[in-house]
Amino acid sequence: MSAMTSQTSRILLVLAAFLAGLVLFLGVILLVSGRGTVPGIRSAAAIGGPFELVDQNGRALTDRDMKGRPFLVFFGFTNCPDVCPTTLFEVSEIMRALGRDADRIGALFITVDPERDTPEKLKDYLASFDPHLRALSGKPAAIAATEKAYRVYSKKIPTDGGGYTMDHTAIVYLMDKDGRFVAPFNIKRRPEDAATDLRRYL
């Protein structure tokens, strides 16, 4: 009887370990897909925080100005050849799919290249995208502090001819009404589906 009890205990332990692993796996999938959160991961990651930058119209914008509505954040630069314009186009399509609700959701494009991305250049760049998008620049120290708050990696990469490009994190962050990180937001889906997901945070 004791041998049977021991065997049963081992089976239960294996089953419990399997279920725990399954729950963790599903939680990570939800987090990466932008469809859910995993308790504890947000606080451990500590993504987001105070920032004081300038938008494409030369107006100051801080994290406090974003309170009261959910918002998306993407870091990039105007000389980016592919990832940045593609991402901003996809975000623009989502904003259009939101219709009137787009006025209740923010979308920020924060440059990782403040040396070249002045407010004037950002304004010209945004002309190709949805008008709800706001682009932010600032002094290098302010940009560096914002990158640190969002755990963003960026690095200047020299190119032939004395120029440079930027290597950087390419994640769209979803922040809630209180400016707290929710999850990476999945934009690789139908704009209507992404818009429906965003409305859950209004």
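A few points about this structure:
- Pairs where the first residue, in segment 159-172, is touching a residue at least 60 places away in the same chain (Cβ under 8 Å) and the second is of a type in the set (D, E, K, R) and not in a strand (DSSP E or B), C-beta under 7 Å, 6+ apart: M166/D113
- Residue within segment 106-118 that is outside any loop (DSSP other than H, G, I, E, B), touching a Pro at 6+ places or on another chain (Cβ under 8 Å) and of a type in the set (V, I, T) present: no
- Looking only at segment 175-202, and only at residues there that are part of a helix (DSSP H, G or I) and of a type in the set (G, A, S), the one that is surrounded by the most Cβ atoms within 10 Å (Cβ to Cβ): A194
- Number of the condition not met by T146 [criteria: (1) surrounded by fewer than 22 Cβ atoms within 10 Å (Cβ to Cβ); (2) touching a Phe, Trp or Tyr at 6+ places or on another chain (Cβ under 7 Å); (3) of a type in the set (S, T, N, Q)]: (1)
- Matching entry among T37, T78 (being outside any helix (DSSP H, G or I), surrounded by 11 or more Cβ atoms within 10 Å (Cβ to Cβ) and modelled with pLDDT under 50): T37
- For the residues V83, V112, V73, the requirement of being loosely packed, with under 14 Cβ neighbours inside 10 Å, within 16 Å of V152 (Cα to Cα) and β-branched (V, I, T) singles out V83.
- Residues (closer than 15 Å to L53 by Cβ and among the polar types (S, T, N, Q)) located in segment 114-136: T118
- L72 fulfils the conditions (1) within 18 Å of the chain's Cα centre (by Cα); (2) outside any strand (DSSP E or B) except for a single criterion, (2).
- Test: residue in segment 44-54 that is more than 27 Å from D167 (Cβ to Cβ), modelled with pLDDT of 95 or more and either exposed (fewer than 13 other Cβ atoms within 10 Å of the Cβ) or among the aliphatic types (A, V, I, L, M) (or both): no
- Residue satisfying all of: in segment 123-137; within 19 Å of the chain's Cα centre (by Cα) and in contact (Cβ under 8 Å) with a residue 60 or more places away in the chain; surrounded by the fewest Cβ atoms within 10 Å (Cβ to Cβ) among these: L126
The values are calculated or read from the model by the stated rules, or taken from the named source; none is laboratory data. These numbers come from a predicted model, not from an experiment. Virtual Cβ from ideal backbone geometry, glycine too; neighbours counted across all protein chains shown.
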